[in-house]
1. In percent, how large is the relative contact order of chain A, given Cα pairs closer than 8 Å and 6 or more residues apart?
2. Quick one: what does P(r) look like for region A:204-356 with 10 Å bins over all Cα pairs, in whole %?
3. If you split all Cα-Cα distances of chain B into 5 Å bins from zero, what percentages do you get per bin, shortest first?
4. Could you run the Debye sum over the Cα atoms of chain A, one equal point scatterer each and no solvent, and tell me log10 of I(q)/I(0) at q = 0.04 Å⁻¹, two decimals?
5. Listed here are the pairs A:LYS487/A:LYS513; A:LYS473/B:LYS48; A:LYS871/A:LYS984; A:LYS473/A:LYS560; which of them are more than 22 Å apart at the Cα?
6. Note down the magnitude of the dipole of the protein assembly as shown about its Cα centre, charges +1 on Lys and Arg C-beta and -1 on Asp and Glu C-beta and zero elsewhere, to the nearest 20 debye.
7. Tell me, Kirkwood radius of region A:635-703 from alpha-carbon pair distances, in Å?
8. Can you give the convex hull volume of the alpha carbon atoms of region A:590-659 per residue, in Å³?
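Please treat every number below as a calculation from the coordinates, not as lab data. The shown structure was predicted, so the numbers you read here are calculated from the model rather than taken from an experiment. Cβ atoms come from the backbone with ideal geometry, glycine included; neighbour counts cover every protein chain shown.
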Amino acid sequence: MYVELHAHSAFSFLDGASTPMELAAAAAAQGYPAFALTDHDGVWGSMEFAHACRGFGIRAITGTELTVELRPAGPVSDRGLSLPGESSRSSPPAGGTAHLTLLVEDETGYRNLCRLLTLAHSHTRDNTTRSQTQPWATLEQVEEHAEGLVCLSGCAREGAAAGAFERGDTAGGERVARRLLAAFGRDRFRIELQRPYWRRDRARNRWLGLLAERLDVPCVATGNAHSHDRRRAPLQDALVAIGRCETLEESEPHRRGNSTSSLASPAAMAARFAEYPEAVAEAERLAERLRFDLTEQLGYRYPGSEDAGADAELARVCNHHLGERYAGSARLLEAQWRLEEELATIRKLGLSGFFLLHRDLLELAREVAAEVRGPESARNVLPPGRGRGSSVSSIVCYLTGLSHVDPVEADLFAGRFLNEETTTLPDIDLDFPRDIREVLIPRVHERWGADRSALVAAFPTYRPKGAVRDLGKALGLPPGEIDRVAKTVGFHERTAAEIERDLVASLGPERAKEPRWRVLLELADEIMGLPRHSSQHPGGMVISTRPLIDVCPVVPAAMKGRQTVQWDKDSCADAGFLKIDLLGLGMLSAVERCVEEIGRTRGERLDLSRIPLDDAETFESIRAAETTGVFQIESRAQMQMLPRTQPRDLDDLIVQVALVRPGPIQGGAIHPYIERRKLLREDPEYKVPYPHPSLEPVLEETLGTIVFQEQVIESAMALAGFSSSEAEGLRRAMSRKRSEEAIAEHHRRFLAGAAANGASEEVAEKVWNQIKGFAGYGFPKAHSAAFGLLSYQSAWLRIHYGPEFLCSLLNEQPMGFYPPDSLVHEAQRRGIRVAAPCANRSRVLCHVETPREEGDVRGGLVVRVGLGYVKGVKKEEMEALVAERERGGRYEGIAELASRAGVGLPSLERLAWAGALDGIPVGSEDDRRQALWQVGVTAAGRIAGADTQLALPMEPPAPPELEPLGEWGKLIADYRSTGMTVEKHPLKLLRPGLDPNLVRSSDLARLDHGARIEIAGMVTARQRPETANGVTFVLLEDERGSVNLVVPPAVYERHRPLVRTVPLLRARGRLERREGVVNVLVSDLAPLERDKPSKPRPRNGRELAIAELRAVTPVGHSFGRRGR
Amino acid sequence: MPGLRRLYAPQRVAVRTDPRGAPTTVEGHQVETVREEWLVEDRWWTSKPLRRHYFELALGDGRALTVFRTARGQRWYRQRA
């Protein structure tokens, strides 16, 4: 029977229209016993494909279609002439390229394939922008790595043999074929025949057949499938056009030309090659030989896995620290017992080396942290990073420094992280401040070797907006229209139907009927979720004992000094790779900055691990939802919940952090939890109801609801008697969305187990539904504990060190839920003073000014916005400006500034617009227009070589009478130049011209529930969570505070573009107050316009132009399904 | 537009086929052999999608001829190219 030996998935990146899973399923359905995946220059999808095939009971053959360089015709012995240096490798191949199909026969072959692919990619980022170029290997490299591989002569259009025929270079084709035959031998080289239904098929195959006879090797038939189904052929065409940045019309010569390059049944393929029955039989014979199984024969080991002394060493390290950490503790015995138990499990699993490796890594991080922070830094008391995820529950992790939470004290269950039945390596995730992480990653490459460590890959997939843009271009739709539709689409949309509504809304129903737009909608539906290109995972690293390039190809990443394997985190997990997540966490950086700033401003050396964990003021602010800027609990959804759950201690906060996640929300945990907390507050004797008595110990801390990930496992174990690995299997089946059948099987066993335990079917189904609703999208408790602590620490800093905290948040942007403008306004409402950037006071980053430091700042601390906040200025110029000021004293005049600071005209102009030159010289009027005029007449046009005329430090003549910018003008200039204003809130300036019946956010507290109101403000965040049934939330800010607008689906549909894009809104609706939480349920929306004509302005009578503000205000953050 | 005429426009021809759909006679002339056979599926994104099954033929009298069948209507045309 025919077996397919040449097929492409979407991991050929824009030259394949189906996922590996779809191909595997279609191949199984068509009755293929085996099937090869041969994506271009990679095995990106091979692990996924191998596992998918295994699931369907068919054999996956691993391979690739490799691009090889063809030297211009000449003697074969020219090898010695070109040196394999960087320069010659990075230039495009002079003689063009051709394709070869390579298939893995055995383990040696797989190793050679990985090495060959690594070589082919090694030069792909050798350009100054490190943008990716075409990978290719030389024919010599192929020859050197031939062992264990079967080589087919390549596809019809670009194959090494067939392509030569197409180009009319039959002699060249034969020469290459003879070289390949010599390298691979008669057993492992075949002439590849394809029948793509192109005009010269018969002529080409006749020539190939004759060539095979002359070479005395068999021909083999292949299909070169580019999709799993004929219906995907149009998408394949579109992808080719996208990949070439052309329209479909333009890409005609490069497209497949017809729909026959889709997967067809073995019988149909045999019929297609009716003239070459031997080539069909040869495909079957070859497939029989290609028995390498990627799911079993990878041969990967992590460093330390073979170290015989690892068990003893790990025990020694842990016992040493146990004595230290628990000296005098009442729980020492308990800790000892837990340690013994964990160590025994680790020994049994052979994982001691794994933990020691992590410890080494942390030691490395400690060195890096000391370097990055500098010897004097107040940050030095902080650990270099901290654990997150389930590893925080392990006492071994705590004792080896991998986590900072005491699992004994916090009652954390290590079963999910570590159990004897576990088949995959446990996950240890480490969070680092961003600056430390940046240095650590290349250091890991150095420590374990560039060939033994790499980052994990990630594959950005098509989402609606990108789908509209890319497909629109391919279909040749007008760029203006594409742009309008793409802008409306946002990232809220999920289906083609939703895109269609946006299309009609932005172009009108008539235009939306245009055939090309209809086609776009169909294609968009199919393209979504397909990978577009390869990229790097934010911090996942793989480390190996044997060279990684023997187990997976390694390719250069976009960032210098970094490289990735060709597999994403799922494939790496399937491969059993030891993966360490070194994550950069913005809040961790912010907290570190804050500690440092506090040390600088107040001379206090703060040890965050020793702050009181029961600070009343901090918890009061949390309960009142005054948490802007606080880690995790600052989001709109969290703020809505805090007044209702009323957290009183760290344990409550740990639950709180885990609560607003899709798992607990869909599992129906939220409302019962809030309700029961309320009942408990009112009546401490209240008995929490549990679905079944066996669940009480498991769900006690979350009041009978499933909030933490391990509660899924524990519930299944307690109620249905699952073993821990069965329960873990259940969790995986649900979280990886891979197998409905597996879930159904777990369901059956769950019901049977629960019945055996005396639970009624009704109770069992109820608990099952909670588990299923949870579906794994929640935090493990240990992760929550790590995050909850950081939430508390940041809330504590916000209360006790407000200015420093705000300052560090501003310096760590982008991060968190709110744009800087909102952070500033909220802080100002709490009395924190924020000052605009100033050339005589600001540093490059924001900093806190103390009275001590600045003689003329009186009465406390002021957050001074940094010069770096001014958009478009050059960082080096700002550094020079600050350095010169520190060296030679403040700038007494603008001309002097221009001559001393080494700042070019464009940056000076931007500083002037931002108000950073106001008040220079001291005592001058604060006017930006005057400053601009002076900059213009004094600054040197540009800084260049030594010969350029320098600006003279001579004060220019007084400027002509210039009209001052005015408050409104300054506001616009502020937003345009820094994206925020530290002066009056826009709504305060607008208020006199607005309808007096509009309420303000501060009025809401005294209005009745159900009151009809109208309110205006600036949008700071929009959110349309997947879990909210189409409801959109909009945060609106005015001069007094913020209000949450609830926009029901019907209103959203009516005002879609308004909700999405308009920064200044006016909303009408009903006030809703529930348990101290106020919302406005919106019935109508409008853009904010002036209601009555303003008094003619005395100077130029110009209308307040809201449009002007609209153009410059920050758009506000939008959170769709990516959310947080 | 008056005065303009499309060159090489396909012309309708009468074709008999074998059970597999390959031409056996064209305009009464015997087909000696099918030299090539290919498919063009293009412009599917427009209101006039193109779907043609081409045959390059050698006729009994030694002439070479290219004909195609449209997907819709099953009409045959000869193409001069």
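1. 8 percent
2. 9, 19, 16, 13, 9, 14, 13, 6, 1
3. Histogramming chain B at 5 Å steps yields 3, 14, 23, 24, 16, 10, 6, 3, 0 percent.
4. These q points yield log10 I(q)/I(0) values of -0.26.
5. Result: A:LYS473/A:LYS560 exceed 22 Å.
6. With only Lys, Arg, Asp and Glu charged at Cβ, the dipole is about 4040 debye.
7. 12.7 Å
8. It is 99 Å³ per residue.
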